[in-house]
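Colleague: Starting off with a structure, shown below.
The values are calculated or read from the model by the stated rules, or taken from the named source; none is laboratory data. Keep in mind the model is a prediction, meaning the values are calculated, not measured. Don't worry about glycine lacking a Cβ; one is built from the backbone with ideal geometry, like all the others, and counts go over all protein chains shown. With ligands, DNA and RNA removed, areas are computed over all heavy atoms of the protein, side chains included. Shrake-Rupley method; radii C 1.70, N 1.55, O 1.52, S 1.80 Å.
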Amino acid sequence: MLKPITLLALAMTLATQAAPLPAQATIVYQARLGGLPVGEAIQRWSIRAGHYQLSTELKPILGPRIRYQSSGSLTEQGLRPQEYAEYRGSNSQPKTRARFDWNKLEVSYGRSEAQQTGKLAPGAQDLNALPFQLSWLAGKPVPSMQIMTGRKLRQDKFAEGPQSKLTLMGKSQPARVWIAPEGEESTEVWLAPALGNLPVKIIRHDDKGELQLVAKNIEYQLDP
């Protein structure tokens, strides 16, 4: 089982790591759609040998499970995505997939039978791993970022919202909030500095409504 770390250990590790991200983390969220509980989500993050893996699985009360899988490398600029895929139900083939070619600054994306190609901007992220790039940035200014959703490329311009609090495992935790409010689609990410700066709340709004993931349990460790 992963164990909570002390603030002193956290500070010492952040001083020596290029990217202040836990080596492992498991976050269990309550999923809400339109404010109503609709199931839960489990997010599993890991770093090994300079490469990261992130899986986010939505387990709705009704309907098929949805899993988002991200992988890439860690650089001096944070996360550099290599592949991003969305799976539905028990299908072993992704519904949509994106592959990033940083040498050509291109990304191929969409359904497997109808792949498109787009131009990559430096610092581009996939939607699933975006909260961890915001976590890596920590106190640095958050720029406008190109985001790959699996179906399209979009540009998100983030602004810092007022500091908030979230009750997690019976304790109130301060959270730093980042919001991308422009356009028809918006993203809001709450990061908890006292808990590895991990995302404890994620809100995504699009034409299908508003999905909220609110953490109810979090475990992590800094060292492998």
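Colleague: Being out of contact with any His (no Cβ under 9 Å at 6 or more places or on another chain) and either modelled with pLDDT of 95 or more or outside any strand (DSSP E or B) (or both) is the filter; apply it to the range 176-188 and report the residue that is most open to solvent (accessible area, probe 1.4 Å). Please lay out each step first, then the result.
Modeller: Looking only at the range 176-188, we keep the residues that are out of contact with any His (no Cβ under 9 Å at 6 or more places or on another chain), and these are 176-183.
If we keep only those that are either modelled with pLDDT of 95 or more or outside any strand (DSSP E or B) (or both) as well, we get 181-183.
Details: PRO181: 80, GLU182: 117, GLY183: 69 Å².
Among those that are out of contact with any His (no Cβ under 9 Å at 6 or more places or on another chain) and either modelled with pLDDT of 95 or more or outside any strand (DSSP E or B) (or both), it is GLU182.
Colleague: Continuing with the same structure: Is there any pair with a first residue in the range 28-44 that is over 17 Å from LEU195 (Cβ atoms) and a second that is in a loop (DSSP other than H, G, I, E, B) whose Cβ atoms are under 7 Å apart and which are 6 or more apart or on different chains, and what are they?
Modeller: VAL38/ILE61; GLY39/ILE61
Colleague: Can you tell which of ARG80, ARG67, ARG97 is in a strand (DSSP E or B), over 15 Å from the mean Cα position of the chain (by Cα) and surrounded by 17 or more Cβ atoms within 10 Å (Cβ to Cβ)? Can you show your working first?
Modeller: Details: ARG80 fails: over 15 Å from the mean Cα position of the chain (by Cα); ARG67 fails: over 15 Å from the mean Cα position of the chain (by Cα).
Answer to the check: ARG97.
Colleague: From GLY89, GLY110, GLY39, grab the single residue that is at positive phi, modelled with pLDDT under 90 and open to solvent by less than 80 Å² (accessible area, probe 1.4 Å).
Modeller: Working: GLY110 fails: modelled with pLDDT under 90; GLY39 fails: modelled with pLDDT under 90.
Going through GLY89, GLY110, GLY39 in turn, just one is at positive phi, modelled with pLDDT under 90 and open to solvent by less than 80 Å² (accessible area, probe 1.4 Å): GLY89.
Colleague: Please state which one of LYS152, LYS140, LYS119 is at pLDDT 95 or above and open to solvent by 80 Å² or more (accessible area, probe 1.4 Å). Full working, then the answer.
Modeller: Working: LYS152 fails: at pLDDT 95 or above; LYS140 fails: at pLDDT 95 or above.
LYS119 is the lone residue from the list that is at pLDDT 95 or above and open to solvent by 80 Å² or more (accessible area, probe 1.4 Å).
Conditions (1) assigned to a strand (DSSP E or B); (2) touching a residue at least 12 places away in the same chain (Cβ under 8 Å), marked per residue:
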site: SER55; (1), (2): yes, yes
site: GLU86; (1), (2): yes, yes
site: SER92; (1), (2): no, no
site: GLY118; (1), (2): yes, yes
site: SER135; (1), (2): no, yes
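Colleague: Further question: Filtering the range 189-199 down to residues that are touching a Phe, Trp or Tyr at 6+ places or on another chain (Cβ under 9 Å) and open to solvent by less than 10 Å² (accessible area, probe 1.4 Å), which residue is modelled with the lowest pLDDT? Steps first, please.
Modeller: At the first step, the residues of the range 189-199 found to be touching a Phe, Trp or Tyr at 6+ places or on another chain (Cβ under 9 Å) are 189-191, 195-199.
In the following step, the residues that additionally are open to solvent by less than 10 Å² (accessible area, probe 1.4 Å) were identified as 189, 191, 196, 198-199.
Working: VAL189: 95, LEU191: 95, GLY196: 90, LEU198: 94, PRO199: 96.
Among those that are touching a Phe, Trp or Tyr at 6+ places or on another chain (Cβ under 9 Å) and open to solvent by less than 10 Å² (accessible area, probe 1.4 Å), it is GLY196.
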